[in-house]
Amino acid sequence: MSKMHVKMTVNGSQVEGLAEPRTLLIHFLREQLGLTGPHIGCDTSHCGACTVDLDGKSVKSCTLFVAQANGAEVTTIEGLAAADGSLHPLQEAFREHHGLQCGFCTPGMITRAYRLLQENPTPSDEEIRFGMSGNLCRCTGYQNIVKAIRAAAAEMAAGKEAAE
Amino acid sequence: MNAETPISLEQRKDKLQGLGCSRKRVEDARFTQGKGNYVDDIKLPGMLFGDFVRSPIGHGRIKSINKEAALAVPGVKAVLTADDLRPLGLHWMPTLAGDVQAVLADEKVLFQNQEVAFVVAEDRYAAADGVELVEVEYEDLPPLVDPFKAMEEGAPTLREDIADKTEGAHGPRRHPNHIFTWEAGDQAATEQALAGAEVVAEEMVSYQRVHPCPLETCGCVASMDKINGKLTIWGTFQAPHAVRTVASLITKIPEHNIRIISPDIGGGFGNKVGVYPGYICSAVASIVLGVPVKWIEDRMENLSTTAFARDYHMTGRIAATRDGRITGLWCHVLADHGAFDACADPTKFPAGFFNICTGSYDIPTAYVAVDGVYTNKAPGGVAYRCSFRVTEASYFIERMVDVLARKLDMDPAEIRLKNFIRKEQFPYTSALGWEYDSGDYETAMDKALKTVDYQGLRAEQKAAREAFQRGETRKLMGVGVAFFTEIVGAGPVKNCDILGLGMFDSCEIRIHPTGSAIARLGTISQGQGHATTFAQILASEIGIPAEDITLEEGDTDTAPYGLGTYGSRSTPVAGAATAMAGRKIRAKAQMIAAYLLEVHDGDLEWEVDRFQVKGNPERHKTMKEIAFAAYNQAIPGLEPGLEAVSYYDPPNMTYPFGAYVCVVDIDVDTGVTEIRRFYALDDCGTRINPMIIEGQVHGGLTEALAIAMGQEITYDEDGNVHGGSLMDFFLPTAVETPTWETDWTETPSPHHPIGAKGVGESPNVGGVSAFSNAVNDAFAHLGLTHTQMPHDHWRVWQTAQRLGLTGQPAAAE
Amino acid sequence: MIPGAFDYHRPRTLDEAISLLASLGEESRVVAGGHSLIPMMKLRMAVPEHLIDLREVAELRGIAVEGGQITIGAMTTQQEVIGSEELASACPILREAALQIADPQIRSLGTLGGNVANGDPGNDMPAVMQALDAAFVLRGPEGEREVVARAFYEGPFTTALGEGEVLAAIRIAAPAAGHGWAYEKQKRKIGDYATAAAAVLLELEGGTCRKASVALTNVGDTPLHAADAEAALVGSSLDAAAVEAAAAAARAIAEPAEDGRGPRAFRVHLTGVMVARAIEAAKRRAG
């Protein structure tokens, strides 16, 4: 089975490469593009460590073939900071509120939270927990993750207000 | 000289970000940007990928292995079997427990998913294709999965390699499937106490087989540099130095030619203490093929092969007076160790520190015996977020005390308060031989009971039970009280070693001329935030701001020798080494300051970040100034430079403790247990970073929730493993996890340089008991004394059904 | 967990997809969201040689509610089902059920069509479709046909979908205004299949149940349409006795597997509980 030519936009840049169609998107990102932020935690789409943003939706890149993502627009944790290098409010908030420990779930967690706050800019704690339920963390017990997302939401709302 | 802008003492203290402050973590910048460097992120030129062929059956004989089809797969470079490792003497490896384990199955397979062959290929896809095509023919043998049948006459002999050995690493073996018997305490006196007791309560308390399941699985990259003869292995190692020594002993490569590097580790929880076949096979493959070889296990491999925890079946008898004073404790444990004894315990402790099972209570006499047996299950026996077998011990005593309370019709909190070791009894020597360093259990318990309004909860429970009786609700309320004492910080070299390596730890500090520093430790963080907290310890000791101190761990070529991070030993042992090394720095700094200030050493006193002349604080030298002087002044009698190293052999373990209260509401029609409230009071001695402590407690409680309410790895009678994926192995999401309430008291350890005791594992140790006690408590008024974990929906429902609570109409209230 | 190799095809039209299926033969599979198929492929329990991705087949997308008839394209994702206000008002049980499927990431790719067509007894939407008496529009080389959900499921992963056929759309007659609905699902955790689940739709008239639909998830080899449970409700005031009779009728047809979710007796019992609770919830919602 031959390799196919794959083209997509990743973190705002056009990328292309040759890959077997069966290559999982997570492997394409990590091994061919060197974007090692998203991780593999479970292989069965339960843990969410591989979460990336695909065409404006949160997806688990361990359960998606690169062929399926051909032509898509992908954002990973590496693409969340602003062009000037300033961190996304979620990245700041996770640090500020101790929303991570070993860091392995963190890229998927933040990337999912990024989309969650696009879908619902003012979530309640319950909505945050439900919205983050596709991402497992073994270290934090989630409490500080919820806190960080709540804080980032407030920060982003304040930023938006200030800009208006 | 002293021209800096004068700032207040408080400002100077704040600037240090030392002990006791909630310093933000320095690790987070890279993790939040996806710039962590975990083992699977490592990519070396020419690197190959290894993958295992695994046994589909639990017990059998290998008739043949045919590699041809696999070797024909494009990209496959090699297929290794036991026969290939045999000439190197690497087809078996020593375990941490004094047993041996097959690296690749040697004639027999002993558990499902055991490693049979190692396929090395250009990438993981080709390797997986190769794995599919290795043909292995097996002859089925009867699997042995019930530990209670392991030593029966006629039980199949699992370990033919040691079948006729009557002496094991820990004494005599009385059956081919017997590993050891380990005893502590006074059997005769305990049996006498039981015989003469006013009341004796008995129970069989099982702690099911579970798995630490860190989010990152195990893996490594082995790279043999044939030109300089050096083998470098990056891997998920909680104890990199021990791995280096073991690797040297088994490969015969001189230890200086082995470099072990633990990069960022995505959680360990005990899973990454052991040495696994994947590490050996990768190293061998790299040596043979001359290129780097990576091995990363998938989640199913992780859950079913590398490490398990618990699987302790504990029969207890507890004796007491009629008014609830405990007079004796007897315990027998049947320990299911799987196919190889690969438990990660200090050598002299084949059952870990299980003899901490007298818990927080002043029990005059006790006896414990542990029998380890082989079964057709994965090896392991690691300490899953606890010190060695301490969660099992704590669960046992906390259940037994509740069982006794039921029998005496006493309140579970009251019976605990009645039997606590009193504050004035510390240091306290337990009946099973441990010397508890410090504690104030009553204060902690009182604070907990008051905070949760324990009396109010009991009144509410009474009302709820009455409402249930009247048919107004189908929910039962349970209140779980648990008190635990951990034993962590292994440990004193006189009785703690792993494979002969004393369990000290180390810290090496270099102060740079401009007043910043680097410190290296023998431990390795897996999320605990060592780079943050150890810098805080040092900041307070040497007066250099934490942000100016780099902390490094995990590279055996640069870090001083240490035994690694597990069993909550980093703060008690390496934390102590850090403080002690800091004090050595300070001692030399004092001499330098004395020279600079032209006074006698003894005329100086230390204040925050400087030495000052007693009674004349205007005359002082800051650490920054002293650091520079150390490199540019010729000081008579002193070597230049400012460095120190400390190898710390702790005089004793530390004994963190805590009081936990859990409130549950159980729907008897569905078996669903809702965690209404969980309050955790922890006393971990001196608190280094409250933010991190709280985070550790949240995480540990969440793991305890998972264990108590759902985690389980089981084997069916055919030897098939169940619970081997995250569909079935319960890791709670944010939805199932409640909001935790944390609290604390602070009773410093008298023997630790800064009084710290360690905290990471306490919430797992205390939490499991609290959840389980709450579930049992919900049914206590109906005569229930004990039900086995996990308290998942169906088991809880079965309990309700057994107690006659599940008549049919079942609509929600 | 690495899947076997395959060739990838991305047709633009349904006809193209169907002719690809026909020409590539039985070693070809269509893929929608992939959340059932890809895990099977990673375990190598499925090793198709050709994968036909339906993602760009525009005619398989879209939600239409017209004159009491709901048509949902097979490639509509669970997230789109949840997000559709039109569906939420015409047929609210769909949103309620979709929210209980897997997790947000999986719902953003997982499709309604994949969920109903794959024949996994653990999937939630099949029972919901049976309760709604939905019809599946199947398109194959011979043209288009409709099979009702209640006749579609034959066994685990075995359905009436013929070789070479693709599920194109789902047609549902919108339940009457004022109907009550509920999908009650008990699971071990987010992301799990049901230990037992029940879909219930009710229509009341003057306190009497005029119409009832009941179907069950993951307590048999297929979703189960609980006709006897419906009969026990119709004509009753949905009093305790009627609810219990319906629960008993549901228990009588439940034949769950014994797995980590619990022994058979528990899951049979729980089937009754889910049915009873779904009836109670639907009754509360019925206007």
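The values are calculated or read from the model by the stated rules, or taken from the named source; none is laboratory data. Quick caveat, the model's predicted, so the values are computed rather than measured. For neighbour counting, all protein chains shown are included, and Cβ atoms are generated from backbone atoms with ideal geometry for every residue, glycine included.
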The lone exception for B:Asp548 - which of (1) surrounded by fewer than 24 Cβ atoms within 10 Å (Cβ to Cβ); (2) touching a residue at least 40 places away in the same chain (Cβ under 8 Å); (3) farther than 27 Å from B:Glu216 by Cβ it fails: (2)
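Residues are listed down the side, and each one gets a yes or a no for (1) touching a Ser or Thr at 6+ places or on another chain (Cβ under 8 Å); (2) of a type in the set (Asp, Glu); (3) surrounded by fewer than 24 Cβ atoms within 10 Å (Cβ to Cβ):
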residue: B:Val199; (1), (2), (3): yes, no, yes
residue: B:Gly229; (1), (2), (3): no, no, yes
residue: B:Ser248; (1), (2), (3): no, no, yes
residue: B:Ile258; (1), (2), (3): yes, no, yes
residue: B:Phe269; (1), (2), (3): no, no, no
residue: B:Ala283; (1), (2), (3): yes, no, no
Number of the exception - B:Glu297 against (1) buried (at least 24 other Cβ atoms within 10 Å of the Cβ); (2) within 14 Å of another protein chain (Cβ to nearest Cβ); (3) in contact with a strand residue (DSSP E or B) (Cβ under 8 Å, 6 or more places away or on another chain): (1)
Residue in the range B:104-125 that is under 30 Å from C:Ala5 (Cα atoms), within 14 Å of chain C (Cβ to nearest Cβ) and part of a helix (DSSP H, G or I) present: yes
Residue in the range B:687-695 that is modelled with pLDDT of 95 or more, crowded, with 21+ Cβ neighbours inside 10 Å and more than 12 Å from every other protein chain (Cβ to nearest Cβ) present: yes
Residue in the range A:62-76 that is closer than 26 Å to C:Ile38 by Cα and facing chain B (nearest Cβ under 9 Å) present: yes
Extreme residue, farthest from the other protein chains (Cβ to nearest Cβ), among residues of the range C:166-195 that are in a loop (DSSP other than H, G, I, E, B) and buried (at least 23 other Cβ atoms within 10 Å of the Cβ): C:Pro175
Which numbered condition B:Ala70 misses (of (1) under 28 Å from the mean Cα position of the chain (by Cα); (2) within 20 Å of B:Asp129 (Cβ to Cβ); (3) among the small types (Gly, Ala, Ser)): (1)
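Let's see how each residue does on (1) surrounded by fewer than 17 Cβ atoms within 10 Å (Cβ to Cβ); (2) touching a residue at least 12 places away in the same chain (Cβ under 8 Å); (3) not β-branched (Val, Ile, Thr):
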position: B:Leu9; (1), (2), (3): yes, yes, yes
position: B:Asp14; (1), (2), (3): yes, no, yes
position: B:Arg25; (1), (2), (3): no, yes, yes
position: B:Lys43; (1), (2), (3): yes, no, yes
position: B:Phe49; (1), (2), (3): no, yes, yes
position: B:Ile57; (1), (2), (3): no, yes, no
Filter pass, B:Leu96 being in a loop (DSSP other than H, G, I, E, B), crowded, with 20+ Cβ neighbours inside 10 Å, in contact (Cβ under 8 Å) with a residue 24 or more places away in the chain and out of contact with any strand residue (DSSP E or B) (no Cβ under 8 Å at 6 or more places or on another chain): no
Those residues of the range B:419-438 which are assigned to a loop (DSSP other than H, G, I, E, B) and out of contact with any Pro (no Cβ under 9 Å at 6 or more places or on another chain), in sequence order: B:Ile421, B:Arg422, B:Ser430, B:Leu432, B:Gly433, B:Trp434
Spans of helices (runs of 4 or more DSSP H) in the range C:16-95 with at least 1 residues more than 14 Å from chain A (Cβ to nearest Cβ) and over 16 Å from C:Gly110 (Cα atoms): C:85-90
Residues being of a type in the set (A, V, I, L, M, F, W, C), touching a residue at least 24 places away in the same chain (Cβ under 8 Å) and assigned to a loop (DSSP other than H, G, I, E, B) - total across the range B:619-652: 3
Residue match in the range C:242-250 (condition: assigned to a strand (DSSP E or B), more than 11 Å from chain B (Cβ to nearest Cβ) and more than 21 Å from C:Asp120 (Cα to Cα)): no
Residue match in the range C:85-102 (condition: surrounded by 19 or more Cβ atoms within 10 Å (Cβ to Cβ), out of contact with any Phe, Trp or Tyr (no Cβ under 7 Å at 6 or more places or on another chain) and under 23 Å from C:Asp15 (Cα atoms)): no
Candidates B:Val796, B:Val735, filtered to the one that is surrounded by fewer than 20 Cβ atoms within 10 Å (Cβ to Cβ) and within 14 Å of chain C (Cβ to nearest Cβ): B:Val735
Residue match in the range B:772-788 (condition: buried (at least 22 other Cβ atoms within 10 Å of the Cβ), within 14 Å of chain C (Cβ to nearest Cβ) and polar (S, T, N, Q)): no
Looking only at the range B:307-349, and only at residues there that are at pLDDT 95 or above and among the polar types (S, T, N, Q), the one that is surrounded by the fewest Cβ atoms within 10 Å (Cβ to Cβ): B:Thr321
Test for C:Val200: is it in contact with a strand residue (DSSP E or B) (Cβ under 7 Å, 6 or more places away or on another chain) and farther than 19 Å from B:Trp794 by Cα: yes
Subset tally (residues that are assigned to a helix (DSSP H, G or I) and of a type in the set (Gly, Ala, Ser)) for the range B:375-393: 1
Selection from the range C:130-148 of residues that are without any contact (Cβ under 8 Å) to a residue 60 or more places away in the chain and not in a strand (DSSP E or B): C:Ala134, C:Glu142
Some residue of the range B:277-293 being under 21 Å from B:Gln101 (Cα atoms), small (Gly, Ala, Ser), in contact (Cβ under 8 Å) with a residue 40 or more places away in the chain and not in a helix (DSSP H, G or I): no
Within the range B:5-46, tally of residues that are within 13 Å of chain A (Cβ to nearest Cβ), among the charged types (D, E, K, R) and closer than 15 Å to B:Ala546 by Cβ: 5
Test for C:Ala198: is it part of a strand (DSSP E or B), of a type in the set (A, V, I, L, M) and crowded, with 20+ Cβ neighbours inside 10 Å: yes
Matching strands (runs of 3 or more DSSP E) fully within the range B:139-240 where at least 3 residues are under 30 Å from B:Ile65 (Cβ atoms): B:219-225, B:230-235
Pairs where the first residue, in the range B:672-687, is without any contact (Cβ under 8 Å) to a residue 12 or more places away in the chain and in a loop (DSSP other than H, G, I, E, B) and the second is among the aliphatic types (A, V, I, L, M) and surrounded by fewer than 24 Cβ atoms within 10 Å (Cβ to Cβ), C-beta under 9 Å, 6+ apart: none
Pair list, Cβ < 6 Å and 6+ apart or interchain, from the range A:124-150 residues that are touching a residue at least 24 places away in the same chain (Cβ under 8 Å) and within 14 Å of chain C (Cβ to nearest Cβ) to residues that are part of a helix (DSSP H, G or I) and of a type in the set (Lys, Arg): A:Asn135/A:Arg112
